[in-house]
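Let me begin by presenting the structure, written as structure tokens, before commenting on it.
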Amino acid sequence: SIPQKKINNAIEDINNVHLDKTTGKLTKDGAVLVEVIQRYSFANIPVDYWFREMDDFKGDKSLLSTYKEFTLDLKKTYNEGYNICFASSHGRGKTMTASCILKRVVEDAEYAALYVNLVDIVNLLASNSSADQETKSDARKMLFSIDFLVIDEFDSRFMGTDNATDLFGRLLEPIIRSRVQNKLPTILCTNNTNPDDLFNGALKASFKSLMKKFKIVAAI
């Protein structure tokens, strides 16, 4: 969903700085940067975080320490299926931290990653259009199997009714369950300080069980 013009503009900026005027070609560093930008866009990492780094992060120290822990050894993180839930109120740096983690993942080139938010998942998978069946199938496969997944906006403010809450939960539960069972690293970002309370009934019990597989990082 990254606008193509944003990608083009970033690559143009790289060309302006890293073009070798003698050969008329990009320098080695410039070529690497172009490849990195393309990987960021393919992973759907929000443009706002492409050129922002945790070195400049002024937010909660628990987010920074979790970022360092997660990215220190990506092979280990992947093999162990390390799951995180960043839970706090608005503006604490959850999305930035998750985005910077995905940047390190795709820069490694060995792994694939995807950033989505909960509403995107629901809008896509709940569509009844027959023309979208192939797209839905591809999306489900990616959500279930991609190496690293970030699901942002995992919170109650989009669930205005009991029916909406049930729909969101029924679509999300099998994705998270499958990823937990297959040890695929998943990062959830929520504005609900207690994510166990998002759902009701059987879904509440199921999510409470699944969340035991996540490290809950409560940013202050």
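The values are calculated or read from the model by the stated rules, or taken from the named source; none is laboratory data. What you see is a predicted model, and the numbers here were worked out from it, not measured in a lab. Every residue, glycine among them, receives a Cβ derived from its backbone with ideal geometry; neighbour counts consider all protein chains shown. What goes into the accessible areas is simple: the full protein's heavy atoms, side chains included, and nothing from ligands, DNA or RNA. Shrake-Rupley method; radii C 1.70, N 1.55, O 1.52, S 1.80 Å.
Touching a residue at least 24 places away in the same chain (Cβ under 8 Å), under 28 Å from Gly59 (Cβ atoms), in a helix (DSSP H, G or I) and not polar (S, T, N, Q): does that describe Arg177?
Numbers: touching a residue at least 24 places away in the same chain (Cβ under 8 Å): yes; under 28 Å from Gly59 (Cβ atoms): no; in a helix (DSSP H, G or I): yes; not polar (S, T, N, Q): yes.
For Arg177, the condition - touching a residue at least 24 places away in the same chain (Cβ under 8 Å), under 28 Å from Gly59 (Cβ atoms), in a helix (DSSP H, G or I) and not polar (S, T, N, Q) - is not met.
Take Glu69 and tell me if it is in a helix (DSSP H, G or I) and more than 30 Å from Ala164 (Cβ to Cβ).
Details: in a helix (DSSP H, G or I): yes; more than 30 Å from Ala164 (Cβ to Cβ): yes.
Yes: the conditions hold for Glu69.
Rundown of residues vs (1) touching a residue at least 40 places away in the same chain (Cβ under 8 Å); (2) within 14 Å of Tyr115 (Cα to Cα); (3) touching a helix residue (DSSP H, G or I) at 6+ places or on another chain (Cβ under 7 Å), yes/no style:
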residue: Lys25; (1), (2), (3): no, no, no
residue: Leu74; (1), (2), (3): no, no, yes
residue: Gly93; (1), (2), (3): yes, no, yes
residue: Ser99; (1), (2), (3): yes, yes, yes
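Is there a residue in segment 86-100 that is within 11 Å of the chain's Cα centre (by Cα), in a helix (DSSP H, G or I), within 19 Å of Val47 (Cβ to Cβ) and aliphatic (A, V, I, L, M)?
Within segment 86-100, the subset within 11 Å of the chain's Cα centre (by Cα) is 94-100.
In the following step, the residues that additionally are in a helix (DSSP H, G or I) were identified as 94-100.
Those still in the list that are within 19 Å of Val47 (Cβ to Cβ) too: 94-100.
Now narrow it down to the ones that are aliphatic (A, V, I, L, M): 96, 98.
Within segment 86-100, one or more residues are within 11 Å of the chain's Cα centre (by Cα), in a helix (DSSP H, G or I), within 19 Å of Val47 (Cβ to Cβ) and aliphatic (A, V, I, L, M).
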- Unmet criterion (only one of (1) open to solvent by less than 20 Å² (accessible area, probe 1.4 Å); (2) at pLDDT 85 or above; (3) part of a helix (DSSP H, G or I); (4) not charged (D, E, K, R)) for Thr165: (2)
- Options Ser178, Ser145: the member that is open to solvent by less than 40 Å² (accessible area, probe 1.4 Å), small (Gly, Ala, Ser) and more than 11 Å from the chain's Cα centre (by Cα): Ser178
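Table: residues versus (1) surrounded by 21 or more Cβ atoms within 10 Å (Cβ to Cβ); (2) under 30 Å from Arg157 (Cα atoms).
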| residue | (1), (2) |
| --- | --- |
| Ile2 | no, yes |
| Ile11 | no, no |
| Ala31 | no, no |
| Asp48 | no, yes |
| Met54 | no, yes |
| Lys94 | yes, yes |
| Ile101 | yes, yes |
